[in-house]
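Quick notes on the structure that follows.
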């Protein structure tokens, strides 16, 4: 006897800093769309903080392969101690500790910390999300009007379709976007 197939809905939702629309405080640092593969490349930017809390966001989509990210740093310019204020910037904890990962479509594989593709050290962040992509964010303490150097190593291991957007913005809890998706999964069809 064949058992019926049941469709089980479930929802995923997460809240990320908004970077679309009228949010003039958000700065787009990097945008790559349908980029060919490239080895680890270093990107560096300068940012003047406008708030006591700042959020760095990476938005990844990579349908055929993976983006690899490592050694994220945010360092106050003209500081004598050169302390990286990003926690777990090299993902060396082996987890996404201190980050928020948002996978609104629930697609796999979503972003994760792995030993396979590290630029330096033992771990890096790898994201092979497709469809709507993933968001990796970290909010950290900054000093208003102080300048910061933002740096990271990025690798693209696949062809199009793919994209990455990197933004930085003052954290504002009233300016967030909630992403929600309802998924339908078929559960267990078998013959008895």
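The values are calculated or read from the model by the stated rules, or taken from the named source; none is laboratory data. Note that the structure is predicted; figures quoted are calculated from it, not measured. Cβ sites come from the backbone with ideal geometry, for glycine too, and all protein chains shown count toward neighbours.
Out of all the residues in region 112-124, which are at pLDDT 95 or above and within 15 Å of residue 154 (Cβ to Cβ)?
Within region 112-124, 119, 120, 124 qualify.
Using the structure shown, decide if residue 90 is farther than 20 Å from residue 149 by Cβ and either surrounded by 17 or more Cβ atoms within 10 Å (Cβ to Cβ) or out of contact with any helix residue (DSSP H, G or I) (no Cβ under 7 Å at 6 or more places or on another chain) (or both).
The answer is no for residue 90.
Run down 106, 128 and say which single residue is surrounded by fewer than 19 Cβ atoms within 10 Å (Cβ to Cβ), at pLDDT below 90 and in contact with a strand residue (DSSP E or B) (Cβ under 7 Å, 6 or more places away or on another chain).
Unique residue meeting the criteria: 106.
Quick grid of which residues meet (1) in contact with a helix residue (DSSP H, G or I) (Cβ under 8 Å, 6 or more places away or on another chain); (2) surrounded by 12 or more Cβ atoms within 10 Å (Cβ to Cβ); (3) modelled with pLDDT under 50; (4) closer than 30 Å to residue 145 by Cβ:
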{"position": "8", "(1), (2), (3), (4)": "no, no, yes, no"}
{"position": "15", "(1), (2), (3), (4)": "no, yes, no, yes"}
{"position": "22", "(1), (2), (3), (4)": "no, no, yes, yes"}
{"position": "44", "(1), (2), (3), (4)": "no, no, no, yes"}
{"position": "51", "(1), (2), (3), (4)": "no, yes, no, yes"}
{"position": "62", "(1), (2), (3), (4)": "no, yes, no, no"}
{"position": "67", "(1), (2), (3), (4)": "no, yes, no, no"}
